[in-house]
Amino acid sequence: MNKKTLVFGASLKPNRYSNYAIKRLVTSRVETVAFGLKQGEVSGVSIDTELIDYKAIHTVTLYLNPNRQKAYYNYIVSLQPKRVIFNPGTENPEFYNILKENNIAFEAACTLVLLSTNQY
């Protein structure tokens, strides 16, 4: 299973769920890239601070609140991921509609739970 994943809203802080997600994705051997506000590295994954035209993204897992997501709608859609995961606290009906219009699957779920229950 290689569902190349973009962790969007990645944090260097070890107590943040996005940080846990990067670690779990790497442990699960999922190819992982990350975007966040501060450049750094988590489990060998560089956190990019500029929007990169990543190729072959299967999943975008969001760790940004709905208000902060707005600035990135077009960017995320342009990546043409197969799905977007809205982790707890990131649920966004407005973005759901944009994704539907662009034939991109989405789910309100927890990446950590999906990984731990082999549903990722």
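The values are calculated or read from the model by the stated rules, or taken from the named source; none is laboratory data. Everything numeric in this text was worked out from a predicted model, so none of it was measured. Glycine also receives a Cβ, built like all others from the backbone with ideal geometry; neighbour counts cover every protein chain displayed. For accessibility, only protein heavy atoms count, side chains too; no ligands or nucleic acids. Shrake-Rupley method; radii C 1.70, N 1.55, O 1.52, S 1.80 Å.
So, of the residues in the stretch 34-91 that are open to solvent by less than 20 Å² (accessible area, probe 1.4 Å) and among the small types (G, A, S), which turns out to be nearest to E107 (Cα to Cα)? Going through the qualifying residues, I end up with A34. Could you list, in sequence order, the residues of the stretch 17-33 that are out of contact with any strand residue (DSSP E or B) (no Cβ under 8 Å at 6 or more places or on another chain) and closer than 22 Å to F106 by Cβ? Y17, Y20, R24, S28 - these are the residues of the stretch 17-33 that are out of contact with any strand residue (DSSP E or B) (no Cβ under 8 Å at 6 or more places or on another chain) and closer than 22 Å to F106 by Cβ. Counting only helices (runs of 4 or more DSSP H) that sit completely within the stretch 1-105, those holding 3 or more residues that are among the hydroxyl-bearing types (S, T, Y), under 25 Å from Q119 (Cβ atoms) and in contact (Cβ under 8 Å) with a residue 24 or more places away in the chain correspond to 17-27. Does any residue of the stretch 14-22 turn out to be open to solvent by 80 Å² or more (accessible area, probe 1.4 Å), under 13 Å from the mean Cα position of the chain (by Cα), modelled with pLDDT of 95 or more and on the phi < 0 side of the Ramachandran plot? Scanning the stretch 14-22, I find at least one residue that is open to solvent by 80 Å² or more (accessible area, probe 1.4 Å), under 13 Å from the mean Cα position of the chain (by Cα), modelled with pLDDT of 95 or more and on the phi < 0 side of the Ramachandran plot, so the answer is yes.
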